[in-house]
Amino acid sequence: MSTSRRALLGAAVAGAAGTALGLPATADAASWQQKWAPSASRDGLGAFETVEDDRADSHPAGHPHIFATGANWRFNMHMVDRDTMTDRQRQEVTGLRTSSSGYLTWNQGQTWRVTYSMYIPGSLKATTTFTHIMQMKQPGTGSSPIVTQSLRRVNGKQTIELNLATDGIVVGRADLDPLHDKWTDVDFQIRVGNGSAGSVRWILRSGGSTVIDVSKTGVDTFLADRVRPKWGIYRSLGDTSGSLQDTYLLLTNLRGYQLV
């Protein structure tokens with residue numbers, strides 16, 4: 001493909017992405033600029049702003065619960081693990097750390113995108129209460145989630161969903177069973193905006209096919225300070241379906257982009 005054609009194609013893709021996020025598609029369309037491209041083998045847990053590995057020190061024998069292994073980051077969760085609030089479990093990492101800038105801040109009015117692949121084993125099941133495997137939050141103790149990617153049982157069926165927690169909106173939902181025990185590609189985009197100035201887009205792909213591609217504009221994606229992504233397993237022990245067991249989650253090929 002010629003250089004000029006690549007440039008035209010890139011502009012078209014950026015324009016389509018911007019339109020999906022409620023941005024105008026213009027001749028001088030904004031483009032995604034890569035800001036974060038960590039390697040598990042090279043950067044390990046240094047790829048993240050913070051690491052929340054068994055914050056309550058509830059299971060020392062299981063340490064580390066979060067670690068790099070080959071090209072992947074692994075999050076282990078054991079039934080005995082407890083967070084500082086003992087009705088739930090949490091093994092998560094936060095933020096996008098770089099060697100040049102410390103960590104990246106997602107501020108009001110900015111548009112960010114993260115792409116990665118996740119491996120959800122059959123042992124990581126959807127629950128009747130919350131099981132989050134990605135969150136967007138305001139940093140700080142006790143802050144509420146803004147956006148969650150969650151594994152939830154709906155009428156007894158296992159699903160994966162994107163939920164705008166601030167507005168109480170389920171942006172999209174897909175069957176979880178076909179995604180078990182295989183790699184799924186995630187493309188998540190967010191315009192950080194207060195009140196109705198925010199927007200999101202969520203795409204899942206598996207086996208070369210698009211599982212879901214949904215977006216929502218005119219929503220609240222900002223609380224205060226900044227938005228910070230989190231990955232891992234954060235789940236309630238209040239599940240009534242018998243789905244909780246020892247499990248893990250794998251992530252790889254994490255990338256971060258800003259629309260500029």
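Restricting to DSSP H runs of at least four residues, report the calculated mean residue ellipticity at 222 nm for the chain, -39500 (n - 2.57) per run over all residues, nearest 500 deg cm²/dmol. Please report the intermediate quantities before stating the final value.
Details: 2 runs with 22 residues, N = 260.
My calculation for the chain gives -2500 deg cm²/dmol from helical runs alone.
Hey, with R₀ at 35 Å, roughly what FRET efficiency would ALA37 and LEU237 work out to, going by the Cβ-Cβ distance, to 0.05?
Numbers: r = 36 Å, r/R0 = 1.03.
Result of the calculation: an efficiency of 0.45.
Compute the signed sum of charges (Lys and Arg +1, Asp and Glu -1) over the other residues within less than 15 Å, Cβ to Cβ, of VAL171. Walk me through the numbers on the way to the answer.
Values: positive: ARG152, ARG173, ARG191, ARG201, LYS216; negative: GLU161, ASP167, ASP187, ASP213, ASP220.
Local charge sum for VAL171: 0.
To test your reading of the geometry: what angle, between 0 and 90 degrees and rounded to tens, separates the Cα axis of helix 3-20 from the longest principal axis of the chain?
Once rounded, one gets 60 degrees.
All other residues with a Cβ under 13 Å from the Cβ of THR129 taken together, and with Lys, Arg as +1 and Asp, Glu as -1, what is their net charge? If you can, show how the numbers build up before the last one.
Numbers: positive: ARG88, LYS125, ARG152, ARG153, ARG235; negative: ASP87, ASP239.
Taking every Cβ under 13 Å from that of THR129, the sum is +3.
Heavy-atom accessible area per residue, region 26-80, 1.4 Å probe: how many Å²? Don't skip to the end; give the middle numbers.
On the way: 2770 Å² over 55 residues.
The answer is 50 Å² per residue.
Under a point-charge model restricted to the Cβ atoms of Lys and Arg (+1) and Asp and Glu (-1), what is the dipole moment magnitude of region 123-260 relative to its Cα centre, in debye to the nearest 20? Kindly include the intermediate steps, with their values, before the conclusion.
Working: 16 positive and 12 negative charges, 37 e Å.
Here the size comes out at about 180 debye.
At a 1.4 Å probe, what is the % contribution of carbon and sulfur to the accessible area of the chain?
On the way: 5190 of 11010 Å².
Result for the chain: 47 percent of the exposed heavy-atom area is carbon or sulfur.
Post the alpha-carbon centroid distance, region 58-75 to region 176-219, in whole angstrom.
26
Using a simple spin-label model with points 7 Å from Cα along the Cα→Cβ vector, what separation in nm is obtained for HIS63 and HIS180?
About 3.3 nm, to one decimal.
What is the sum of charges, Lys and Arg at +1 and Asp and Glu at -1, for the other residues whose Cβ falls under 13 Å from the Cβ of LEU237?
On the way: positive: ARG82, ARG88, ARG90, ARG235; negative: ASP81, ASP83, ASP87, ASP239.
Neighbourhood net charge equals 0.
With +1 assigned to the C-beta of every Lys and Arg and -1 to the C-beta of every Asp and Glu, and no other charges, what is the dipole magnitude of region 22-110 about the Cα centre in debye, to the nearest 20? Display every interim value, and only then the final one.
On the way: 8 positive and 11 negative charges, 41 e Å.
Using Cβ point charges on Lys, Arg, Asp and Glu, region 22-110 gives about 200 debye.
How large is the dipole of the chain about the Cα centre if only Lys and Arg carry +1 and Asp and Glu carry -1, each at its Cβ, rounded to the nearest 20 debye? Don't jump to the answer; show the numbers that get you there.
Details: 27 positive and 23 negative charges, 117 e Å.
Its charge dipole is roughly 560 debye.
The values are calculated or read from the model by the stated rules, or taken from the named source; none is laboratory data. Because the structure is a prediction, the values reported are computed rather than measured. Don't worry about glycine lacking a Cβ; one is built from the backbone with ideal geometry, like all the others, and counts go over all protein chains shown. Ligands, DNA and RNA are excluded from the accessible area calculation, which covers all protein heavy atoms including side chains. Shrake-Rupley method; radii C 1.70, N 1.55, O 1.52, S 1.80 Å.
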